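Only one structure is covered here, and it is reproduced in the block below.
What follows is calculated from the coordinates using simple rules that are stated; it is not laboratory data. Predicted model only: the values in this text are computed from it and were never measured. Cβ: placed from backbone, ideal geometry, glycine included. Neighbour counts: every protein chain shown.
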Amino acid sequence: MLKISNLTYQFTSHILPLFPHLNFTLHKGEIYALLGVNGVGKTTLLKILSGLLKPSQGKVFWHDQNIYQSKKILRQYRSQIGFCLQDPEHLFFKQTVADELKYHHVGNVAKIIKQFKLEHLLNYSPFELSGGQKKILQLAIMLLKKPEILIGDEITAGLDTKGQSLIAKNLQKYKKDHIVLLVNHDLNQVIQMCDKFLFLSSEKFQVMTLTDILNYPTIFQKFGLIPPDTIKIGQELIARDILLPDTIYSNSEKIAQIIATLINQKKAK
Amino acid sequence: MNFLAKLDGRTKLISIVVITLFMFTFKNYWQYLLITGIFILIFFGQLHLNQRKQIIKHWKLILILPSLNLIVNSLFINGKVIWSWWRLHITHLDLAIFWRLILLLLFALTFSTITNPSEMALAIGKLINSLTLGYYQGSGIVLVVIIMAAFIREFSETWQTVIQAAKLRTIPSKSFKRWSDLIARIWLLQPLILISLKKADRVADALIAHGYHQDAKLFDYRKQKYHLNDWIIYGSLVLFIIINNLILGKL
């Protein structure tokens, strides 16, 4: 359990803190999405939660221990974090993809290579890969660390649909015994992939489930975001009493299935 | 917006240069006291808390550099000795240099805090353009300063991220020998160099895309009128020089 208590961050050159005092808890078995407009401090918050940046105020507790209590505790905490950076090139230290995967790994390299279909890339330099391949390699590297908390900053940005679904599939598998926290600007994808949503702005912070979002039509606008199509359709159908308000409608396919079932039931009557 | 923030970049630059040069003409302690008093007024009255913190952050530099200079100077006798111990001799000139250095560092830090690199570059370019009566455009200087300032920041940000990534990828429980630790550090240069080269390449492409080449006149300086505050500063500087040199300097 990762508990955040009264946390905020202020850049020395800024007059006001980046975001309000945050209080929330992240649990294993769930994928969390951190949502907010550009410049609201999402990456800064990810850096704080990964133990790379000390907050100006507040504490981060991992299993009830303050991660900034001592350098030793901080180092141990960092070893349990897998952080996929916005630009993966910053963490490529080796000459080939194969060497990258073997560098400080804990998990099974052969299994990961197969899982992420990296066989044909092993002898390439990581810098020679395409943007999408770099993102996939980065996730593979981080999963080889077997982190307790996996953090991804725009992990699927620039990926084709095949790559996106490969990452989504692996994250769904990984979340079972771990915490996964993602920043992603593709809200349709976020709705499909994540279980809980952390809305962040410079003044407000709110944690919601998908059901909460469906029953709160203006939540995206409140945080300066445009609601994804799935949510718009779901909310409209709930408002017209076609769909039930307490059910989760995370993608258009699911909605279509439910509507088809309803039509069939009506026809049968 | 406060008085200082409204000032033109040129005014800030000229003021710092004039005061710096002017300090070399000081003969009495009260002149330093006066300048220090003005600085204190600006520090507390015109800078906001975070700007003050940014300057104070460099307290080691502000104290150590002039102190080292004072120690070295005290090995030599530069005028009338006011305090002596072993081979060290402090003179009035040593104290004046010590004080002047502290003030110079404080002015430089204040200037860099209240002026961003682009503003400073444009101020230099515009001044050169005006001094040469528009003959020399000064755009090269502006571009070089902006690119240099941007690159220093980019370079340090890239390095920070690479170090952070290394911290996350290294498993602390594994014990390393110093030699392998050093080798591991050297490998961190790989992303730093390759990312920096890519960024430089992007800047070059952007400049060509914007039509920058030899003899290109990219900079069409907008006419920027001085604000009333700028004239107040220039007037004060002139007044200060006249009072100091003609009346009080003779005391």
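Summarising the strand pairing of the protein assembly as shown, around 55 percent of its internal DSSP beta bridges are antiparallel.
When a footprinting reagent is the concern and you count Cβ atoms within 10 Å, what order do B:Met148, B:Met23 take, fewest first? Provide the component values of the computation, followed by the final result.
Working: B:Met148 12, B:Met23 18.
Listing B:Met148, B:Met23 from fewest to most nearby Cβ atoms yields B:Met148, B:Met23.
For A:Lys162, neighbours were defined as the other residues whose beta-carbon sits under 12 Å from its Cβ, and their charges (Lys and Arg +1, Asp and Glu -1) total +1.
Modelled spin-label separation between B:Glu154 and A:Lys146, with each label point placed 7 Å from Cα along the Cα-to-Cβ direction: 4.1 nm. Projecting the Cα atoms of A:Tyr103, A:Thr8, A:Gly131 onto the charge dipole of the protein assembly as shown (Cβ charges, centred on the Cα centre) puts A:Tyr103 farthest toward the positive pole.
Kindly rank A:212-225, B:53-66, A:73-86, A:48-61 from highest to lowest mean number of other beta carbons found within 10 Å of each residue. Walk me through the numbers on the way to the answer.
Working: A:212-225: 15.8, B:53-66: 13.6, A:73-86: 20.5, A:48-61: 18.6.
Answer by packing, highest mean first, reads A:73-86, A:48-61, A:212-225, B:53-66.
Local charge for B:Phe39 was computed over the other residues whose Cβ lies under 15 Å away, with Lys and Arg +1 and Asp and Glu -1, and equals +3. For B:Lys199, the lysines whose Cα comes closer than 27 Å to its Cα, not counting residues fewer than 8 places off in the same chain, are A:Lys42, A:Lys47, A:Lys94, A:Lys134, A:Lys135, B:Lys167, B:Lys217. Sorted ascending by nearby beta carbons within 10 Å, beginning with the fewest, A:Ser252, B:Ser236 become B:Ser236, A:Ser252.
Could you compute the FRET efficiency for B:Ala108 and A:Asn123, with r as their C-beta to C-beta distance and R0 at 56 Å, rounded to 0.05?
Numbers: r = 52 Å, r/R0 = 0.92.
It comes to 0.60.
Other residues whose C-beta falls under 14 angstrom from the C-beta of A:Val207 contribute a net charge of +1, scoring Lys and Arg +1 and Asp and Glu -1. Of the options A:Thr261, A:Phe220, A:Asn251, report the single residue whose Cα projects farthest towards the positive end of the charge dipole of the stretch A:213-269 (beta-carbon charges: Lys, Arg +1; Asp, Glu -1). Working it through, the farthest residue towards the positive pole turns out to be A:Thr261.
Counting neighbouring beta carbons within 10 Å and listing from fewest to most, the residues A:Leu187, B:Leu122 come out as A:Leu187, B:Leu122.
In chain A, what percentage of the DSSP-assigned beta bridges are antiparallel, given to the nearest 5? Kindly include the intermediate steps, with their values, before the conclusion.
On the way: 16 of 34 bridges.
Just about 45 percent of them are antiparallel.
Taking square-rooted eigenvalues a ≥ b ≥ c of the alpha carbon gyration tensor, is the stretch A:163-269 rounded, prolate or oblate, where a/c under 1.5 means rounded and, failing that, a/b exceeding b/c means prolate? Could the numbers behind the result be given before it?
Numbers: a/c = 2.33, a/b = 1.36, b/c = 1.72.
Oblate shape, in that a/c is at least 1.5 and b/c is the bigger or equal ratio.
Semi-axes of the equivalent ellipsoid of the stretch A:228-269 are 19, 11, 8 Å, computed as sqrt(5λ) over the eigenvalues of the C-alpha gyration tensor in descending order.
Within a straight-line Cα-Cα reach of under 25 Å, A:Lys266 can be paired with the following lysines, leaving aside sequence neighbours fewer than 8 residues apart in one chain: A:Lys232, A:Lys254. With the simple model of a label 7 Å out from the Cα in the direction of the Cβ, B:Tyr234 to A:Lys59 spans 5.9 nm. Around the Cα centre of the protein assembly as shown, unit charges on the Cβ atoms of Lys, Arg, Asp and Glu (plus for the first two, minus for the last two) sum to a dipole of about 1160 debye. Of the residues A:Leu171, A:Leu129, A:Leu143, the one that moves most in a GNM of chain A with alpha-carbon contacts below 10 Å is A:Leu129.
For the protein assembly as shown, what mean projected area does the convex hull of the alpha carbons give, in nm²? Write out the running numbers ahead of the final one.
Values: hull surface 143.0 nm².
For the protein assembly as shown, averaging the hull's shadow over all directions gives 35.7 nm².
Shown is the FRET efficiency for A:Glu203 and B:Ser84, computed with R0 = 60 Å from the Cβ-Cβ distance and rounded to the nearest 0.05: 0.45.
Please give the FRET efficiency for B:Arg185 paired with A:Gln69, using the beta carbon to beta carbon distance and R0 = 35 Å, rounded to the nearest 0.05. Before the final figure, lay out the partial values.
Details: r = 27 Å, r/R0 = 0.77.
Approximately 0.80, to the nearest 0.05.
Label-to-label distance for B:Val144 and B:Asn245 is 3.1 nm, based on points extended 7 Å past Cα in the beta-carbon direction.
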